[in-house]
Amino acid sequence: MLAPRFNTRESERARAEPLELSLYSRDAGLANGQAGAVCFPRDASDVAFAVATCKKLGVPFVARGSGTGLAGGATPLDDALVIVTTQMNRVISIDAASRTAWVEPGLLNLDLTRAAQPYGLHYAPDPSSQQACSIGGNVATNAGGPHCLSSGSTTAHVLAVEAVLPNGEVAMLGSTAPDQPGFDLRGIFVGSEGMLGIATKVLVKLVPNPPQIQTMLLDFMSIDEAAATVSAIIAAGIMPAALEMMDSRITAAVEDFVGAGYPRDAAAVLLVEVDGLSGGVDHQASLITEIGRAHGAREVRLARSESERQLLWKGRKSAFGAIARIAPDYYLHDAVVPRSKLVGVLRTIYEIADSHDLTMMNVFHAGDGNLHPLIVFDRRVIGVWERVQAAGTEILERCLAAGGVLSGEHGIGLEKRAMMAQFFSEADLELQARVADALDPHGLANPGKVLPAGFRCGEVGINRTLPEGTWI
Amino acid sequence: MNSRFDPTVESVNASELVDPTGSRTHSGLGRRARDGSIEISAPAGIVSHDPDDLVVTVLAGTKVSEFSDAIGLQKQFVPLDPRSDQATVGGVIASGLSGVRRLGFGPLRDNLLEVRFVTGYGKLVKVGGPTVKNVTGFDIPRLLVGSLGTLGLIVQATFRCRPLPSESRWFTTSSEPGGALQKMFRPTAILSDSRSTYVLLSGEAVDVATSCRLLASCTETADVQLPEGPHRGRMSVAPATLASVEMQLRATKASDLRWLIEWGVGTIHLAADSSTSIALARAIAVDAGGWLLIEDGAEDLDPFGVTIPNLAIMSRLKRAFDPDEKFARGRFG
Amino acid sequence: MKSGPLGLDPELLNACVSCGLCLPHCPTFRVTGLEIASPRGRIAAMNAVETGMAPLKRPFIDAMAECVQCLGCETACPSGVRFGRLMEDSRATIAHRSGLRALLSRAFGAIAYRRLLPNQHVLHLLSWVLLVAQRMRVMPKRFRSSVPRLTRHRLRRTLNVTVGGNPDVWLFTGCVMDAWLQKTHVATAAALRSTGVRIARPDSRAGCCGALAAHAGRRDIARSLAKSVVAAMPGAAPIIVNSAGCGAALKDYGHLLGDADAERFAARVFDISEWLVAQTASPLATEARTSIVIQDPCHLRNVQRTHDSVRLLLGGAFALLETNDDGMCCGAGGGYAANQPDLSTKITKRKAKALRDAGASTDVAVCSSNPGCTFALEAAGFKVVHPAELYADCIAPDRGEPRNG
Ligand SMILES: Cc1cc2nc3c(=O)[nH]c(=O)nc-3n(C[C@H](O)[C@H](O)[C@H](O)COP(=O)(O)OP(=O)(O)OC[C@H]3O[C@@H](n4cnc5c(N)ncnc54)[C@H](O)[C@@H]3O)c2cc1C
Ligand code: SF4
Ligand code: SF4
């Protein structure tokens, strides 16, 4: 019923062929949904038209960038219209003097950095998926990345967002001036996972490339030692540009793909980067080396060239993808814990996986305490999925008990929404629902995400159950 | 939830109109009618400071001076930088005024992790989360920054701390500020008034020295003070327009107008002996596509001065937090 | 789990975790933004057909046909998904299904892959026909970028190499390369001889490597061609190939033919740059340092993965300029330009921009080692040279063979 309406505009911009629709039924997470139609807007007015049409028909809509989300955020429910931004992928303008750029939401993160390169600038948030994920998706999930440790997640790098609100209006949230009077609407939009509207244009901050960078690889014979090193680096007041940890299974899988010289026999490696002016870089690098050695680092390797550095990062950034080399499926959490508690938390979550007879591995933004415990399995094994879920829940409970949160960067989406009640009280969730209801009274913007069932008012009457064949 | 907050929740529930109050150091901001409002203050005190994790939780009624001293003992800081350190932490959040170190340490909102507050419908809620990175639920803490008491009574906040830099020094320079900004790597602040350019450099001593050498001249100076006067305002314009805005400020020939520009940020702190000069400055700001917020005095001027963008959206949000318009009635719709 | 209508190996299919990291490396995704034109989408579509969720009909068949088979996705995929295998297997099933369309395309394939390409005489004759067609401007549009501008000079047979025998190394001459790029063969022969080896070319049995047939899903034809290629180059001598596509095909004979002899044969195959770099202790070094833009043919970069040897070979004598597009495909892709002219043109445009951004111009040539890419880029207005030609010019500046023409 949706597609014909778009066809009157231009047939290339909407599709409803079943095979093609099925390709939009999920993102890089596990959940499957069902799209009713999919459209490919070229500008804000196309998006506004799509949203207005949905509003008229009472059909839900879901924004989708590259579909690399890991929480089912872009998974359509209830035959929603999927609004895909891949054809809105231009860099509109770069202002090198103010170090800002206006971009369209479908622009890939890495393409933005490439466009900024000639000016000696780059876009700081660098999710491991940066080659593939879109700026719109980054804004919607408030994406982080290894280098967000010192520079902050996406929200710290977005100055303004032009968005089509759930009622079909186009609004400019934020401004080139630092403080717009009133509420920080830009701030609430970033990280709203497509539930408060669809970004159609984004003003991002660009940052100058650091004059000096030192990348270091520290390897350890035990996970405890590596985790203790992370805690000690933070406790010493050092703020590396990036501080990442990979355990032995991940390291081996990654090494098979990139051949960067990661030690296959280490129990854990830390990839640390410090940047800035030479004095600070040297000082921090030597402190980190010292701390590493004091905690049992077997070797501290310094990248000697830019290409060696690139290769090390390529390894880290391929980690999730490389998992399939071990088992065909993975279930991933994204909890954050206080960095002072890393040793204990890590130890327990490995124990939890063991107790369920599951293989768990970890590759994560250690400097932020942002864990990515990853349980690998083969869904074809009977009963394994129940164990995976049980272990996942226990792991999260342990992280929350340590003073942590559910998600550091991937978002809540569809997959983690049921767990929200473990972190927030009913009153907390009620407020979040009130915020969503205020901007989206009919509950059509990416419904069924983030908030657990039963909190939104627009929910009544919409079939919130997952369709047949859903596997989550 | 937490008995410590019960009295605040009760007082909010018992009152028809509420005026969340801190130390009144920013009371000129956004001016409001107080008739019949009950002033309610948040409790004070440091709740917890985990220096190894660089995170601190503080009750909103705590004075910034006490807060800074407490975490300073562990050689850490949070760049709140209010005009007066007698301001309360909650007041700083609600006023949303970032300090002059924003260029280096980011705006206030980027340093705030979790907030607990009492809504207009009388519930104590938690938004955000206590870790340095978090996307669990909507990012509501940012809405509270600069909400000027309209969304609720802030009772507790969690911030990320930073280690005190080994060196942090102010310099004056004859370099032109815009050029200095392009040349230097991560300066903490570049300011200028009608006479001079000021640069704040923090980090290792060698790096401070290296950065200095990039400037035409570099003389150490005392801390830079914000302009003072009976009428004060804060201008917010696109950083790219700062040079031309400054030229226009000079062109007003208003001899009582004093300013301090934050380069790379786009904030201009203004003070004047007469509100007419502030009005002149506001016209320049509006002309440049920006705003001028009255911080103090200038009673004859509207506190915001222009139609607030997206007011309709804001009023819908305001009603979500405060359906009966208990808090700061009339502001933001 | 057993395989379905496409007969794909379920393990290969399951290896894709839907992460999407391959998307930006896929030329058809880049120019359309459609999931169905992406590697992840194509795999999901294969899965849908295999599990009976979608029929083995259009649009599935179109989606398979739209793939350039550049394998940019395979290089990018951290999970090691064997996309090339999945695509070839799917196409094999599609090619052998019943129905009129399939029948016609099989008949066309049989003529093109079995009678035309492997037969030097027929190909040569056809070249003259095409030359005339070009002169009379009656060349069908869809072939314009897959056939270079033919001239009498271009069609002159100048390669002077013994046929058969017992050489130190074989120079594989192939079909299109031999017909339209003799100058590259001449340069390759000069480069090889400069290392002191005796060379020979195979006899007419090695008329075509069979790559185009295999990509089209015609493994039966590809196998029979491969068998004669193997038979034409007996012995243990290394086999040097100067076409990236043919080299990739020859290196894959072990898999295609599935026997130990073929494996041994495949192990003897080297790309010309790969081989030269391994032979010469210190490749070129000159002061001149002419600028040259490197274009990695997909079959060199994503299949043979020896594209670095071109850089090692030429780096000492040329200022190598790199494109900023992760070595994205140029859209030529064997028969792709003729089969999917619209997509192909869009992809080539994108590549052309990347090459120009890197510095390619009327003065600065593009260096490529694949005939398909060479023709497409020439059609897009670039001056294209083969690494072997650049190398030969450096070691024998006055060998008198014009670089272009
Ligand atoms: C291998 C791998 C590594 C990853 N590493 C990281 C990492 O290091 N850090 C990290 O933060 N994430 C990471 N992710 C997760 C993912 O890449 C991010 O969440 C990313 O921001 C999603 O971008 P996308 O374009 O793919 O968005 P999608 O998956 O298409 O969408 C994500 C969400 O954003 C919404 N959305 C998309 N576009 C818009 C728009 N224009 N307006 C409003 N809402 C919109 C969708 O509705 C959905 O809720 C990784 C994923 C993978 C597969
Ligand atoms: S083919 Fe590889 S890179 Fe592409 S989605 Fe599948 S697993 Fe990811
Ligand atoms: S082979 Fe090339 S065109 Fe085909 S899916 Fe892979 S990257 Fe895309």
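Per residue of chain B, the DSSP helices (runs of n ≥ 4 H) give a summed -39500 (n - 2.57) that works out to -7000 deg cm²/dmol at 222 nm.
Of the residues C:311, A:339, ranked by 1.4 Å probe accessible area with the largest first, the sequence reads C:311, A:339. Kirkwood analysis of chain C, using all unique Cα-Cα pairs, places the hydrodynamic radius at 21.6 Å. The residues of chain B present an accessible area of 37 Å² per residue when probed at 1.4 Å with all protein chains retained. Here the accessible area is traced with a 1.4 Å probe on the protein chains. For region B:202-274, carbon and sulfur cover 56 percent of it.
For region B:175-190, a drop of 30 Å² or more in accessible area on going from the chain alone to the assembled protein chains (1.4 Å probe) is found at B:182, B:185, B:186. The angle between the Cα long axis of helix A:384-401 and the longest principal axis of the Cα atoms of chain A comes to about 70 degrees, rounded to the nearest 10. With helices as the sole contributors, chain C gives -13000 deg cm²/dmol at 222 nm; each DSSP H run of n ≥ 4 counts as -39500 (n - 2.57), and the sum is divided by every residue.
When the other protein chains are added to the chain by itself, burial of at least 40 square angstrom of heavy-atom accessible area (probe 1.4 Å, ligands and nucleic acids ignored) affects these residues of region B:297-333: B:310, B:313, B:314, B:316, B:317, B:320. Per the Kirkwood formula applied to alpha carbons, the protein assembly as shown shows a radius of gyration over Rh ratio, Rg over Rh, of 1.00. Among the listed pairs A:56/A:449; B:133/B:326; C:141/C:351, those with a Cα-Cα distance over 26 Å are B:133/B:326. Of the accessible area of chain A, computed with a 1.4 Å probe over protein heavy atoms only, carbon and sulfur atoms account for 52 percent. With the convex hull constructed from alpha-carbon coordinates only, region A:258-407 shows a mean projected area of 10.0 nm² over all directions. Sparsely packed loop sites in region B:172-216 (the trypsin sites (Lys or Arg not before Pro) outside DSSP H, G, I, E and B with at most 12 other Cβ atoms within 10 Å) comprise B:195. Computed over neighbours whose Cβ is under 13 Å from that of residue C:373, the net charge equals 0, Lys and Arg +1, Asp and Glu -1. Using a probe radius of 1.4 angstrom, the carbon and sulfur fraction of the accessible surface of region C:281-395 is 50%. For the segment A:226-234, counting C-beta atoms of other chains within 10 Å of every residue's C-beta and taking the mean gives 1.
Sparse packing (at most 15 other Cβ atoms within 10 Å of the Cβ) combined with a DSSP loop state is found for the following GluC sites (Glu not before Pro) in region B:229-329: B:299. Taken over region A:91-208, the alpha-carbon convex hull comes to 94 cubic angstrom per residue. Only DSSP H runs of four or more residues enter the estimate; each adds -39500 (n - 2.57), and after division by the residues of chain A the mean residue ellipticity at 222 nm equals -9500 deg cm²/dmol. As a length-normalised measure over Cα pairs under 8 Å and 6 or more apart, the relative contact order of region A:212-321 settles at 44 percent. The residues neighbouring residue A:231, those whose beta-carbon lies less than 12 Å from its own, together hold a net charge of -3 under the Lys/Arg +1, Asp/Glu -1 convention. Interface residues of region C:66-82, defined as those losing at least 40 Å² of solvent-accessible heavy-atom surface relative to the isolated chain (probe radius 1.4 Å), are listed as C:78, C:79. Over chain C, what is the mean sequence separation of C-alpha contacts under 8 Å (at least six apart), divided by residue count, expressed as relative contact order in percent? RCO, chain C: 16 percent. The relative contact order of chain A comes to 16 percent, based on Cα pairs under 8 Å that sit 6 or more residues apart. Protein heavy-atom accessible surface, 1.4 Å probe, per residue over region C:233-276: 32 Å².
Nearest 100 Å², what total accessible surface is buried between chain B and chain A (probe 1.4 Å)? Answer for the B-A pair: about 6200 Å² buried.
Mind grabbing the base-10 log of I(q)/I(0) for region C:224-365 at q = 0.14, 0.19 Å⁻¹? Debye formula, identical points on the C-alpha positions, no solvent, two decimal places. Taken in order of the listed q values, log10 I(q)/I(0) reads -0.79, -1.14. Cβ under 12 Å from residue C:258's Cβ, residue C:258 left aside: what net charge do those residues give with Lys, Arg +1 and Asp, Glu -1? Taking every other residue near residue C:258 into account, the sum is -1. Residue by residue along C:38-50, Cβ atoms of other protein chains within 10 Å of the local Cβ number 3 on average.
The residues of region A:85-157 expose on average 27 square angstrom of accessible surface per residue, using a 1.4 Å probe on protein heavy atoms.
In loop segments of region C:182-232 as defined by DSSP, the trypsin sites (Lys or Arg not before Pro) with at most 15 further C-beta atoms inside 10 Å of their C-beta are C:198. The calculated P(r) of chain B, using every Cα pair and 20 Å bins from 0, goes 30, 58, 12, 0 in percent. Using the alpha carbons alone, the radius of gyration of chain A stands to its Kirkwood radius in an Rg to Rh ratio of 0.97. In chain C, the longest principal axis of the Cα atoms and the axis of helix C:100-109 are about 20 degrees apart.
The calculated pair-distance distribution of region C:164-313 uses every alpha carbon pair, bins of 10 angstrom beginning at 0, and gives 11, 41, 35, 10, 2, 0 percent.
The values are calculated or read from the model by the stated rules, or taken from the named source; none is laboratory data. This structure is a prediction, so every number in the text was calculated from the model and none was measured. Cβ sites come from the backbone with ideal geometry, for glycine too, and all protein chains shown count toward neighbours. Heavy atoms of the whole protein, side chains included, go into the accessibility calculation; ligands, DNA and RNA do not. Shrake-Rupley method; radii C 1.70, N 1.55, O 1.52, S 1.80 Å.
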